[in-house]
1. Could you work out [θ]222 nm for the chain from helices alone, using -39500 (n - 2.57) per DSSP H run of at least four and dividing by all its residues? Round to the nearest 500 deg cm²/dmol.
2. Give me the extension gain from residue 293 to residue 54: residue separation times 0.36 nm, minus the current Cα-Cα distance, reported in nm with one decimal.
3. In segment 4-180, how many lysine pairs have Cα atoms under 26 Å apart, counting only pairs 8 or more places apart or on different chains?
4. Grab the beta carbon distance between residue 160 and residue 311, set R0 = 41 Å, and tell me the FRET efficiency rounded to 0.05.
5. Using a Debye calculation, one point per C-alpha and no hydration shell, please list log10 I(q)/I(0) for segment 190-283 at q = 0.12, 0.14, 0.15, 0.21 Å⁻¹ in order.
6. If we count every other residue with Cβ under 11 angstrom of residue 63's Cβ, Lys/Arg +1 and Asp/Glu -1, where does the sum land?
7. Among DSSP beta bridges whose residues both lie in the chain, state the antiparallel percentage, nearest 5.
Amino acid sequence: MTERVAMIGSGIIGRAFAICFSRGGYEVTLYDPKDGVADAAIPLMRETVADLEQNGLLNDRTTDDVMSRMVPVKTMEEAVEGAIHVQENAPEVLELKRELFTKLDKIAPKDAVLASSSSSIVTSKFTEELEGRHRCMIVHPTNPPYVVTILELVPAPWTDPEVAQKTRERLEAMGMSPITLHKEVTGFIMNRFQSPILQEAFRLVAMGVVSPEDVDKAMSEGISQRWSFIGPLEVGDLNAPNGFREYAEKYEAMNRNIAMEQRDLMPWAGPLLDYIDKNFRERVPMDQHKARQQWRDRRLMALAVHKKWANENIK
C-alpha cells in the first residue's frame, strides 16, 4: 500500500514539495483554502515533471507515474486522512501557522509528522501549546526543491529526536539532501547565508561600485562556480597550500576590515530599490518573468545532471 503525504497549501512551494514526495513514491494529497487552486496545480506540475523526466531526474519514474499519485482534495480533513507526513505551506504569518497547526494536531493521524515550510519562523513559536508538539518541526526547502534538494530540518526544543531522525531518513530515501539544525535560529541556515550577500549587493550598488548586472555576474560566473560543489569553508581549505589554518591566518585581518565596513545595514527601499527593480524590469519584463523562472529551473536541472555524473565519474 502506497503511503500518503498531505500538502496543506498548493502554491509554488506546495506544488514543488508535492513533486518531490510523489517522485519519492508517495501518494500526495493537495489541499488549498482557495477554491480551484489545488485542481489548477495539476497541469502546472505536469509541465515541470515532464522537464524532470527529460533530464533523468525522476528517480527512474515516468511523468504519468508521478502525476498519477497527485490527488487534489476539497478539505483539510480529506488531505490528512491516513497521512504519515503533513507539509504546511502557508504564508509566513505567525498567527496563521498557529491556527493551522492547532487544527492539524487535532485532525491528523497521531503518528503523522507535522512539518512546516516556514522560511524564518521557528517551530517553537507556533507549537508550544499543542498536545502533539513532539511531532512538529520545520522542513524548509530551497526553491525549487525538486532540483535543489537541500532541506533544512529544524526541530523545536520539544521535538522527539526519533521523529526528526526518521523524517531525515525518509527524505534521504527520496533523494533529498537534508541538514539538521541542532538548535533554533531565526532564518535557519540558507537565509542566514543569503542575507549578508544581499546586504552587500545593495551596498555595492548604492556606493556606485558596480551595476546590478555585474553584481549578479560576480556571483554566477565567479564565487558560485566553486560553491556549486564545495562550501565556503572548504574553498578556504583548498585555497591555501597548507590548509584552512593557513588560509584563516592569512586572510583574517582583511575580512575583519571588510566586516567593519559592512556593519551598517542597507535599506531595501527607496531610490535604491527603485533603481534595482527598474534595472531588472528592463532586462526581464514581467510578461517574461515566468519564462525566466522556467529557464532557471532548466539550467538547474542541467547542473543537477552534471553533478550526478561528476559524483559518479570524477574521484
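Any read-out appearing in this document is the output of simple, stated calculations on the displayed coordinates, not a laboratory observation. These figures come from a predicted structure and were not determined experimentally. Ideal geometry is used to build each Cβ from the backbone, glycine not excepted, and the neighbour counts take in all protein chains shown.
1. Working: 14 runs with 164 residues, N = 315.
After summing the helix terms and dividing by the residues of the chain, the value is -16000 deg cm²/dmol.
2. Gain in length upon complete extension: 84.3 nm.
3. So the count works out to 20.
4. Details: r = 33 Å, r/R0 = 0.80.
Once rounded, the FRET efficiency stands at 0.80.
5. -0.49, -0.65, -0.74, -1.21
6. Once positives and negatives cancel, what remains is -2.
7. On the way: 5 of 29 bridges.
Given both bridge residues lie in the chain, the antiparallel proportion sits at roughly 15 percent.
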